[in-house]
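Trainee: My questions will all concern the structure given below.
The values are calculated or read from the model by the stated rules, or taken from the named source; none is laboratory data. Given the structure is predicted, the values throughout are model-derived calculations rather than measurements. Cβ placement follows ideal geometry from the backbone for every residue including glycine, while neighbour counts extend to all protein chains displayed. Heads up: the accessible areas ignore ligands, DNA and RNA and are worked out on the full protein's heavy atoms, side chains in. Shrake-Rupley method; radii C 1.70, N 1.55, O 1.52, S 1.80 Å.
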Amino acid sequence: MRQGYTLTDSPNPHIARGKQIVRAHPEVREYFGPHAATGVWILGVVGLHPWYDPRYFIPLGGMIMGNSMTSVALGAERLHSGLLGSSAEVEGALMLGATPADAARPFVKHAFGAAVLPTVNSMMGMGIVFLPGMMTGQILAGAEPVEAVKYQILIMGLIMGATTAGTALAVQVACRHLFDTRERLRLDRIRGL
């Protein structure tokens, strides 16, 4: 018989051990990344304990980060191209007394909408038009289809949350960077990217 194992009737005996590990190694909190919701979903919805187990964390984190990076890049590009193409309109609004946030608002909205649209479209077709890779892989590996669907819903929710939060933050930061302290649109900062 192996030493160090305890038989228990608890449905999840690893919660206390996970808390001990986090107290002993606070640096593992860094693996939650910029989105605290990732940790909530992994711990609460799926019930993965320990949450930092590489067989769960690496694929889930990779899918979330990969999808949100694409949306962030698309949002920043749309904002830059919109402001660059309509710089006269933005500068005219600034001359009439608009704040940089007011002058850039239509371009920020357009950039955000364009960035999250691919994720929204993939959520609409999931399970009807196509079967996503994670769900298909689990079913082919022998998992119950209901469990595979639960994981796919989890990952799509996490991707949507990360995409929305990451894109909103990136577009707002990029927009602030493109105006100086004297509330001027800095086209040289756009062209320099």
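Trainee: If the requirement is being more than 18 Å from Val90 (Cβ to Cβ) and either hydroxyl-bearing (Ser, Thr, Tyr) or modelled with pLDDT of 85 or more (or both), which of these qualifies: Ile128, Ile159?
Mentor: Details: Ile128 fails: either hydroxyl-bearing (Ser, Thr, Tyr) or modelled with pLDDT of 85 or more (or both).
Exactly one of Ile128, Ile159 is more than 18 Å from Val90 (Cβ to Cβ) and either hydroxyl-bearing (Ser, Thr, Tyr) or modelled with pLDDT of 85 or more (or both), namely Ile159.
Trainee: How about the range 157-193: which of its residues are surrounded by 16 or more Cβ atoms within 10 Å (Cβ to Cβ) and more than 27 Å from Asn67 (Cβ to Cβ)?
Mentor: Hits for the range 157-193 are Phe179, Leu185.
Trainee: Sort out which residues of the range 122-156 are open to solvent by 40 Å² or more (accessible area, probe 1.4 Å), part of a loop (DSSP other than H, G, I, E, B) and touching a residue at least 12 places away in the same chain (Cβ under 8 Å), and write them in order of number.
Mentor: Gly127
Trainee: Still on this model: Take the residues in the range 44-71 that are of a type in the set (Val, Ile, Thr) and open to solvent by less than 60 Å² (accessible area, probe 1.4 Å); name whichever of them is modelled with the highest pLDDT.
Mentor: Out of the qualifying residues, it is Ile64.
Trainee: Yes or no: the range 82-92 includes at least one residue that is without any contact (Cβ under 8 Å) to a residue 12 or more places away in the chain, of a type in the set (A, V, I, L, M, F, W, C) and assigned to a helix (DSSP H, G or I).
Mentor: Looking for residues that are without any contact (Cβ under 8 Å) to a residue 12 or more places away in the chain, of a type in the set (A, V, I, L, M, F, W, C) and assigned to a helix (DSSP H, G or I), one finds at least one in the range 82-92, hence yes.
Trainee: Something else about it: Given the criteria at pLDDT 85 or above and open to solvent by less than 60 Å² (accessible area, probe 1.4 Å), does Leu74 qualify?
Mentor: Answer is yes for this residue.
Trainee: Considering only the range 103-117, I want to know if a residue exists there that is modelled with pLDDT of 90 or more, basic (Lys, Arg) and closer than 22 Å to Gly66 by Cβ.
Mentor: Looking for residues that are modelled with pLDDT of 90 or more, basic (Lys, Arg) and closer than 22 Å to Gly66 by Cβ, one finds none in the range 103-117, hence no.
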